[in-house]
Amino acid sequence: MSATSATACPRILVVDDEAHLRELLEITLIKMGLDVDSAENISHARSYLAQKTYSLVLTDMRLPDGSGMELVAEVNALYKTTPIAVITAFGSADNAVVALKAGAFDYVSKPVALDQLRKLVRSALDMNEVALKAPPMTEVTPIIPDSFLIGRSAGMQAVREQIGRLARSMAPVIITGESGSGKELAAREIHFRSARANKPFIAVNCGAIPETLMEAEFFGYRKGAFTGAADDREGFFQAANGGTLMLDEVADLPLAMQVKLLRAIQERSIRKVGATTEEAVDVRIISATHQNLSKCVAEGRFRQDLYYRLNVIELHLPPLRERLEDIADLSAAILNKLGADGIRISDAALYALSGYDFPGNVRELENILERALAFANDSCIQVVDLAMRGTQKIAHPLLEVSPIATPVPAESAPLPPIASLLSSTDLPCSLPAFLESVETEMIRRALLQTNNNRTQAAELLGISFRQLRYQIQKLKIQD
């Protein structure tokens, strides 16, 4: 069968040595309007794969002539656009995790729940449709115009490339990185590139929910389940059904809730507080943390079995100090987000930003620029508007300045331009402290030259009176 005809009528390959299960799967898939081929072992499956194009391969883990893992590896290597899912024995959750790590698209457990099987197949077909609509890949991964992740650095291009692969799988993902590095944005990117893009994306801050309310918030509750439960209510899992549930700061979950979460992920079903029956849920789990989860496991603060289930695939986001070449693009995007049309950043300010180590990462850059907008004059953000504190990682030649030790007499000429101060070839030990000393000296000169008239001093310095007052307070300058 050609690729074109496979697109017109999707074809599924079922690989299982149990005749009755193959027959059940065939009937179910045919009723979904799909074409089906069945193979009883790996050898027959290879023969089918060599002749036809499939929208999904569904294989048992145990086969007469080998392991389903062998087929997972071969399909991923030789038929990269074909998703493969595995059938695992009851209670073999560990095997499912191993398969997902090896590149399996998803899994279903025996005895096979037909509703779950249908959801898995639909997800695979949706994923193929997304892949067909996607533009062809070039040698260098292009920046997606509507990408949540901004930056042209090698680190961010590698992240986006990995996200492209993660979007083709239903495997749980854990996103690691420092606070403020954009973990939720990365999770959204995975979701909106996936076949689940038209379904809900629910982000939950695990550290912000009181422990006594966690079970009700995650799983929902029945009317009358506890005092104040006036109506039935759905939880996060039901809200994300069919889509993606992001567990932000997952390391903050208490141990009691970790047990309940593990069961929900393994069984793919939840029980509302006050309910007597369970209901199936179809969610992809993406978790995030700035903590070292393996260390939390070693310290007994995080369950090893849950860690094993969540940490199937890891996506690490680099801190901003490791991709400083993205500062210009990030700054432009942040100013656009803040509605600062027509506001630009001077070259000197960009140099200063790209020399800062950003302990708060992109979130700190956003805070710095938002504050700078309040002080910017003439629609341009200057170095003085940034009011940055902390340590600089890189010193730039543009900012190589020397302290001015001799005060300027009041009757002297107007203040010299900053360019006349850029004469030293020696870098200061601490650029932030040095810049503050230069700024302090310039303000003192202006106040001295204007007999402490702050309005005139502000005009002399080319800044607003409010900005001068802020700088005087910040630098603790005495009139």
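For residue 316, the residues 5 or more places off, or on other chains, whose built amide H falls under 5 Å of its own are 176. In this structure, the amide hydrogen of residue 287, modeled 1.01 Å from its nitrogen in the peptide plane, lies closer than 5 angstrom to those of 173, 174, 175, 247, counting only residues at least 5 positions away or on a different chain. Accessible surface calculations at 1.4 Å, restricted to protein heavy atoms, place segment 38-112 at 42 Å² per residue. Simple spin-label estimate for residue 370 and residue 18 gives 5.5 nm between the two label positions (7 Å along the Cα-to-Cβ direction from each Cα). The aspartates and glutamates whose alpha-carbon is closer than 17 Å to the alpha-carbon of residue 223, local same-chain residues fewer than 8 away aside, are 215, 231, 232, 234, 278, 279. Between residue 44 and residue 278, the FRET efficiency estimated from the beta carbon spacing at R0 = 45 angstrom works out to 0.75. Using a probe of 1.4 Å on the protein chains alone, the accessible area found for residue 79 is around 70 Å². When 31, 80 are compared by accessible surface with a 1.4 Å probe, the order from highest to lowest is 31, 80.
Please pull out the direction-averaged projected area of segment 188-230, using the convex hull of its alpha-carbon atoms, in nm² to one decimal place. The number I arrive at for segment 188-230 is 4.4 nm².
In the context of the full protein assembly, residue 98 retains an accessible surface of approximately 60 Å², using a probe radius of 1.4 Å and ignoring ligands and nucleic acids. For segment 1-124, the share of accessible area belonging to carbon and sulfur comes to 53 percent (1.4 Å probe, ligands and nucleic acids excluded).
Fully extending the segment from residue 305 to residue 473, taken as 0.36 nm per residue of separation minus the present Cα-Cα distance, adds 55.1 nm. Computed from phi, the 3J(HN,Hα) profile of segment 43-54 under the Karplus parametrisation 6.51, -1.76, 1.60 (θ = phi - 60°) reads 4, 5, 4, 4, 5, 4, 4, 6, 9, 10, 9, 10 Hz, with x in place of Gly and Pro. 3J(HN,Hα) couplings calculated from phi for segment 246-262 with the Karplus curve 6.51 cos²θ - 1.76 cosθ + 1.60 (θ = phi - 60°) are, in sequence order, 9, 9, 7, 6, 5, 5, 7, 5, x, 4, 4, 6, 4, 4, 5, 5, 4 Hz; Gly and Pro show x. Taking chymotrypsin sites (Phe, Trp or Tyr not before Pro) across segment 89-127, the ones in a DSSP loop with at most 10 further Cβ atoms lying within 10 angstrom of their Cβ are 90. You can think of it this way: the chain between residue 26 and residue 380 has 120.8 nm of extra reach, that is 0.36 nm per residue less the Cα-Cα gap.
Computed from label points 7 Å out along Cα-Cβ, the spacing between residue 89 and residue 347 is 7.0 nm. Spin-label pair residue 185-residue 115: with each label point 7 Å from Cα along the Cα-Cβ axis, the two points sit 3.9 nm from one another.
The values are calculated or read from the model by the stated rules, or taken from the named source; none is laboratory data. Since the model is a prediction, treat every value here as computed from it, not as a measurement. Every residue, glycine among them, receives a Cβ derived from its backbone with ideal geometry; neighbour counts consider all protein chains shown. Quick note on the areas: whole protein, heavy atoms, side chains included, nothing else; ligands and nucleic acids left out. Shrake-Rupley method; radii C 1.70, N 1.55, O 1.52, S 1.80 Å.
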